[in-house]
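Nothing in this text is a laboratory measurement; each read-out follows from the coordinates by a stated rule. Just so it is clear, the structure is predicted and the values come from calculations on it, not from any experiment. A quick note on method: Cβ atoms are made from the backbone with ideal geometry, for glycine too, and the neighbour counts reach across all protein chains shown.
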Amino acid sequence: MNQPDRRRAEARERELAQVVMRARGSRTACADPRYPVMVDVTNRSPDRTLSSVSFSLSAYKPGYSSSVMNAYSLSSDRILGPGETHVGCWPVSSY
């Protein structure tokens, strides 16, 4: 990779690091039993608006290596300004 490409890649990595996502099961935040997985997305950028996110989720029982849930190609088009957080509830999909 040449120097300009490397700088662009490093800048992109820094930009992506400003998007923080957390997922957990939450009956409090997600009252509908069809959507028990709470995902919160935080845009920590001081000056960039986030127009959408795409992500995958996998869940594992503690001490086990096989997943109990996989969800691929999830996305949200919720617009988040600098410093904003959005909490959404997602379905559990198993394979």
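Quick notes on this one:
- Number of residues in segment 49-58 that are in contact (Cβ under 8 Å) with a residue 24 or more places away in the chain and part of a strand (DSSP E or B) equals 4.
- Residue in segment 64-95 that is nearest to the chain's Cα centre (by Cα), counting only those that are surrounded by fewer than 12 Cβ atoms within 10 Å (Cβ to Cβ) and among the aromatic types (F, W, Y): Y72
- Scanning segment 4-36 for residues that are of a type in the set (A, V, I, L, M, F, W, C), part of a loop (DSSP other than H, G, I, E, B) and surrounded by 11 or more Cβ atoms within 10 Å (Cβ to Cβ) turns up A29, C30.
- Condition met for M1 (in a strand (DSSP E or B) and either surrounded by 12 or more Cβ atoms within 10 Å (Cβ to Cβ) or without any contact (Cβ under 8 Å) to a residue 40 or more places away in the chain (or both)): no
- Test: residue in segment 37-48 that is touching a residue at least 40 places away in the same chain (Cβ under 8 Å), among the aliphatic types (A, V, I, L, M), outside any strand (DSSP E or B) and within 18 Å of T85 (Cβ to Cβ): no
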